[in-house]
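First the structure, in the form of structure tokens, and then the observations on it.
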Amino acid sequence: MGKNRKPDWYDPDSSEHFVGEIKKGIVTPVNEGKRNGRPGRFVKKDAVQGPLPADLAKDILKGDRVALARAITLVESNAKRHFDQAQELLRLLQPRTGKSMRIGITGVPGAGKSTFIEAFGTYLCHLGHKVAVLAVDPTSSLTGGSILGDKTRMEKLSVNPRAFIRPSPSGGKLGGVHRKTRETMLLCEAAGFDIVLVETVGVGQSEILVRGMVDAFMLLALTGAGDELQGMKKGIMEIADLVLVNKADGSNIPIANKTAEEYRRILHFLQPATKGWESRALACSSVTGDGIPGVWGMLEEFESNTKESGVFYERRREQSREWIHALISDRLEFSFYQQPEVKALLPKVENEVIAGTKPVASAVDELFRVFFKGFS
Ligand SMILES: Nc1nc2c(ncn2[C@@H]2O[C@H](COP(=O)(O)OP(=O)(O)OP(=O)(O)O)[C@@H](O)[C@H]2O)c(=O)[nH]1
Ligand SMILES: [Mg+2]
């Protein structure tokens with residue numbers, strides 16, 4: 001092998017999880033390869049693969065966190081063969097998923113999401129629950145992710161053996177993040193987590209996306225005067241089952257209570273986010289812990305209520321249906337823009353439309369004719 005050549009065992013698609021680890025019961029090819037006829041540390045590229053999905057599934061069902069993290073890495077990978085392995089894994093685990101309470105949490109930057117999840121998650125672990133924290137970060141394609149699920153504000157929770165925190169997957173469009181987060185949620189459920197918290201910043205489309213994958217949705221609001229409530233995006237209140245006025249501590253208590261009262265009044269006039277459930281507003285403090293048990297109490301009530309009425313199950317069914325259609329749209333869009341003929345024609349028709357020499361619908365029609373021709 002020449003000095004400047006990449007060695008042939010080098011695999012750019014593999015994360016460190018897929019090479020270099022040996023674990024009892026898991027087949028890893030590392031150290032099984034031979035270099036120059038001698039046992040070597042590395043194996044040939046084609047032989048590099050992770051543990052078999054069946055082995056990974058077994059370990060996940062035992063609650064093995066290393067296996068869970070490894071499976072999430074598979075789900076998050078954009079490599080084709082990882083996709084196939086991840087799908088096989090999900091197929092194996094499917095019967096053991098769906099048992100958790102899925103809770104979405106949103107709020108503007110600084111609303112106190114991280115601090116709340118630290119307090120709330122720790123409380124739930126105390127009660128004996130197992131809590132997974134996931135994040136959907138709308139800016140992840142720009143920043144490389146990990147704004148959310150930041151472990152610095154979740155110091156206690158991140159070391160709690162009953163909790164599992166996974167920052168937002170990075171890279172790709174929101175649509176891709178959508179699939180990855182939903183699949184990660186299923187993996188966490190199979191690993192025995194009975195409460196999944198999905199955090200997102202309340203900007204753009206991400207809160208709608210998260211609403212579409214959880215059972216209950218909470219909005220973390222700041223205390224403020226009436227004007228602030230007026231300026232609040234009404235849309236976001238319409239999808240919340242619970243508005244939490246955080247930071248209700250010290251001298252802030254009276255105004256927090258007043259704000260919660262105002263939210264209650266507004267919520268009363270809005271269409272409920274969940275059929276048969278009038279959305280509520282509560283004040284709490286993530287610092288003193290006041291009101292935190294009440295939040296869980298309300299969520300338990302929400303769960304039993306909606307399960308009894310069937311709304312809970314109906315929503316889950318609807319979400320599965322929507323999930324299929326979301327993936328179809330993503331995939332169609334992706335294949336459309338990836339097709340070489342479309343790629344080549346697009347700048348030309350764009351110019352024609354801008355120059356006013358071609359109507360927009362005709363331009364799109366032309367692109368689609370080229371697109372479909374690629375299949376015939
Ligand atoms: N007094 C008080 N301060 C709080 C409380 N919750 C959060 N804070 C403070 O509010 C600030 C923002 O809290 P974060 O938890 O980082 O807020 P966030 O919503 O996660 O913010 P981003 O990650 O930027 O979206 C921090 O300085 C916290 O210490 C609370 O219940 N009471
Ligand atoms: Mg935060």
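FYI, it's all coordinate maths here, none of it is from the lab. What you are looking at is a predicted structure, and each value in this text was computed from that prediction instead of being measured. Here the Cβ is made from the backbone with ideal geometry for all residues, glycine too, and neighbour counts use every protein chain on show.
Below are the figures for this structure:
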item	result
Label point at Phe83 placed 7 Å out along Cα→Cβ; residues across region 302-342 whose backbone nitrogen lies under 11 Å	331-332, 334-335
Residue-span extension gain [Arg317 to Arg91] - 0.36 nm each, minus C-alpha spacing	79.6 nm
At R0 = 30 Å, FRET efficiency that the Cβ-Cβ distance of Lys99 and Gln205 yields, to 0.05	0.60
Protection proxy ranking, peptides 249-262, 324-337, average beta carbon neighbours within 10 Å, highest first	249-262, 324-337
Long-range amide H partners of Cys284 with built H, under 5 Å	Val245, Asn246, Lys247, Ala248
Spin-label pair Lys58/Leu346, simplified geometry with 7 Å Cα→Cβ offset, distance in nm	4.6 nm
Gain in span if fully extended, Lys373 to Arg265, counting 0.36 nm per residue against the direct Cα distance	33.2 nm
Cross-link pairs beyond the 25 Å C-alpha cut-off, checked among Lys343/Lys373; Lys99/Lys180; Lys180/Lys373	Lys180/Lys373
Fully extended contour minus Cα-Cα distance, from Thr288 to Lys358, at 0.36 nm per residue	18.8 nm
